1. Inside the stretch 47-62, can you point out the residues that are open to solvent by 40 Å² or more (accessible area, probe 1.4 Å) and in contact (Cβ under 8 Å) with a residue 40 or more places away in the chain?
2. So is Gly197 without any contact (Cβ under 8 Å) to a residue 60 or more places away in the chain and in contact with an Asp or Glu (Cβ under 6 Å, 6 or more places away or on another chain) or not?
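The values are calculated or read from the model by the stated rules, or taken from the named source; none is laboratory data. Because the structure is predicted, anything quoted here is derived from the model rather than measured. So basically every Cβ, Gly included, is an ideal-geometry build from the backbone, and we count neighbours across all protein chains shown. These area figures cover heavy atoms from the full protein model, side chains too; ligands, DNA and RNA do not enter into them. Shrake-Rupley method; radii C 1.70, N 1.55, O 1.52, S 1.80 Å.
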Amino acid sequence: EEAGTQLLALASQINVFTSLSLPIIGVPALMSGATPEKTPLPVSVHEIDGMLLWLAILAGLTLIGLFLTALYLSLISLVMRVEEESSPGVVTFGAAVLKSTVRLFGLGIVFVVMVLVVWLPLLPIALLVGLIAGSLFVLIMFAGLILVVTYLSLSVPGIVLNDRPLLRAVWESVRLVHRNALPTTNLLLVVVLIGAGTNLLWRMADDGSWLTLDSIAGHAFISTALA
């Protein structure tokens, strides 16, 4: 009962619009998760009647976020290619964004399947270890998740920047990471540490005033550079 009460209290603080920013590859969002305690705008809470409605809203916002992710990454790719080739027309660019959206959706499915493939063999070991120390169970499962993320990390630029089909992008990413495991891991580690470190600084500087916009702009600049 106490756990249920805590979940309900936490749910009332969650901003469902933050689901527009997908984990790992989505458009970067500084103010995600729980609603900030201090904000220059008044905060109001709107109740969602029923779990099905909540799931429908969450699914809809996630799909929109997937499209925004494809658009965001495609714009970065467009800037990176501008010196190599002429800029595409609006129709061509729009078609490329839609195609990337579908492929990124497929990449999400591949991610879930690969996580299950990695986790299933580890599950018996993790359960046995978990009987001794529960934290080790979490650590083992988290290590499997990191392994999948690392091997699929280069699929995104393969899809958006190089216009690779989904399975080819996944295969090339796995091969590249396997052949260059240490440089790839170091690169991802540096990106994560810089992103987490600067996010901490932006949040420390946030005092709930309109200066929050400066933090959001700085976060967007750094996150786009890391992408």
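1. Scanning the stretch 47-62 gives Ile57, Leu58, Thr62.
2. Spelling it out, it is not the case that Gly197 is without any contact (Cβ under 8 Å) to a residue 60 or more places away in the chain and in contact with an Asp or Glu (Cβ under 6 Å, 6 or more places away or on another chain).
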